[in-house]
Structure formats: structure tokens, C-alpha cells
1. Simple spin-label model, 7 Å along Cα-to-Cβ: residue 27 to residue 266 in nm?
2. Would you mind calculating the relative contact order of the chain from Cα pairs under 8 angstrom and at least 6 residues apart, reporting the percent as a whole number?
3. Could you tell me how far the Cα centroid of the stretch 196-218 sits from the Cα centroid of the stretch 163-194, in Å?
4. Consider all pairwise Cα distances in the stretch 120-164 and report the whole-number % of them above 13 Å.
5. What is the distance in Å between the Cα centres of the stretch 240-289 and the stretch 1-53?
6. Quick one: 170, 291, fewest Cβ neighbours within 10 Å first, how do they rank?
7. Simple spin-label model, 7 Å along Cα-to-Cβ: residue 133 to residue 116 in nm?
8. Within 10 Å of each residue's Cβ, count the other Cβ atoms and sort 151, 329 from fewest upward.
Ligand code: UDP
């Protein structure tokens, strides 16, 4: 385990997960530099820490190799979260997905290897694609769809990042940990890029119809961002986790229809649920993943625990935050 105060770089630190991670690192006494182009992240996400003396925010893109080299100059640890994320955004702009998710990771890994910087690489459950198994261990096959369907560009780009990271670990022993996030949710997440919980809560609070795609029987597991951030920091600083891939999330499944019903019940909303085919939102060539449940055995045995906040706790947190925002408008 690595202790003591570190200088951490958080790429994508103004994003949803990145901003929670930044807060936690600052609370633990570390110095944090954020690199974020504010494309999907937002400065408001950093409101609680904006004036923190140990925080530096650099507005810029990870696709700028000179800037990336500069911000990595004297850091001990990089949490690499910057990416083109969200299925909708990725389906809409596959070029950006590839340019943002692949080349900068390679540059970042090269500098990390040269300077022996510890790296956490944020990956995604999207890498499993449509693997038909009920639960996925980290050794499962990646079952991606055809290249003609842009959705798979995201999972594929992250899989390449993983191959790169593991190759750097093998060749240079750079301490790198890979975390595959499964539907991380919580306060500050926005619904613009397709994320289902902020969308449902926004709609329910406005008494508008909740749109559930397909038959609503698709299954997901939702983990609270605070639990996820704890796991990320522990794994990154655990020498025995280097060179390993971990599923990070919750393993409690829920159907999207049941999720919609729970959001309506917890908000006390008059909203109705409407089932709609996928193509109304995502275009005719969209493919969804029917079931996405991680096997967390590896995470649990590495950390002695796993994300534990329940869906109800998560929803209460998101609802409370969104209500506060509505009141302060
Ligand atoms: N979804 C939905 N209505 C919405 C947004 C999403 O029914 O307004 C569904 C979506 O089709 C998917 C699930 O909710 O089956 C989770 O979607 P999200 O984009 O949050 O995550 P991912 O698909 O990446 O797991």
C-alpha cells in the first residue's frame, strides 16, 4: 500500500466521477491537478473545492500531447478518467470517441512508464459487449458488435486502452490498475448523454412521462459514485493490484421498468411510464445490451468489500440533490 501525501493528476476531473474523486483525494490530503476540457464536465461540479489550496485546474484537452506532458511532469499518480463517454454521445460522434479515447491514453502511458507514475485507467463494462452470460468475471470474452454499429466504438476503444495499459505493465512494470465501471450513478450526473437515472429523476420531479426503451426488461446494476471512488483509490494504491483488471460497481440487478417505477414511487410523482422502441432516440442501427451484471468476486477479495449502497439510497441521494437545484434556480 502506498501512503503519504501525493500529487495526483485527475484527467476528466471536472466530470461526474472525476469531481467526486477529486474531492476525496483532497480530503485525504493529496495535491490534485485536474486536466479537463469541460466538454462533458462542468466547473460547477467543482464548486465545493474550487478554492482549495491544493487544487489546480487546467482547462485543456488530453488530445493535446504537449499539455499532457506538462501536467504529468511532477505527479505521483494519474487517475485517467477523461474520455468520450455515454452511449448516446459515442453513437453520435464515433470519430471523437476514437480520437479522445485511444491516442491520449497511449501518450499518457508512455510518460507514466518513463517517470514510473502510478496509473488508474477508467474502463467500462461496455467492453463485455453483448456477452450472453448472466454475470461477467474479468476473464470473460469481449463480445462486441459489428464495426458498422457506432455504439461498439466505445467499448472497443476502451478495450484497446486496456491492451495498451497491460502491455505497458508487462514491459515496464508501470504500476497500472484497470477498473471497469458498471453504471456508476449519484449526485451531479446529468441525463444529456443518455444516463438513465438522472433522466428519470428529472422527468419524475417535473411530473413528465418517463420513457423506457424497448420492453423495459433490460437489466442493469447501479453503484453509488462515493462507493466507486473509494474502491478506485484503494485499488490504485495497492501494489498487489498492479497489472490487474477489476469490475467496479454493484451486483444487484434491476430491470429498467422496475427502476422507473421506483423513481416514481420515491419522488411521489404523477408521472406515467411509456415504452418506446430504441430507434426513436438512438437511430435505426442501435443495439442495446440486455443484461449487464458484474461478478465482483475479484474486487471483493482484493479490497475486503464492494460497493454497498442500495439503489434506494442512491435514488434518495440523487432526488435530494435535484430537488435542491430546483429550489435554488
Ligand atoms: N434507458 C431508458 N430510458 C432513458 C434512458 C435510458 O429506458 O431515458 C435505458 C437504456 O436503453 C438502457 C438502460 O436504460 O437499457 C441504461 O441506460 P444508460 O444509458 O444509463 O446506461 P448503459 O446503457 O450504458 O448501461
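Computed from the coordinates by the stated procedures, all read-outs in this text should not be read as laboratory data. Since the structure is predicted, the reported quantities are computational estimates derived from the model, not experimental observations. Cβ sites come from the backbone with ideal geometry, for glycine too, and all protein chains shown count toward neighbours.
1. Calculated label separation equals 1.9 nm.
2. The value is 17 percent.
3. If you average the Cα positions of each part, the centres end up 27 Å apart.
4. More than 13 Å apart: 52 percent of the Cα pairs in the stretch 120-164.
5. 27 Å
6. 170, 291
7. Placing both labels 7 Å beyond Cα along the Cβ direction yields 3.6 nm.
8. 329, 151
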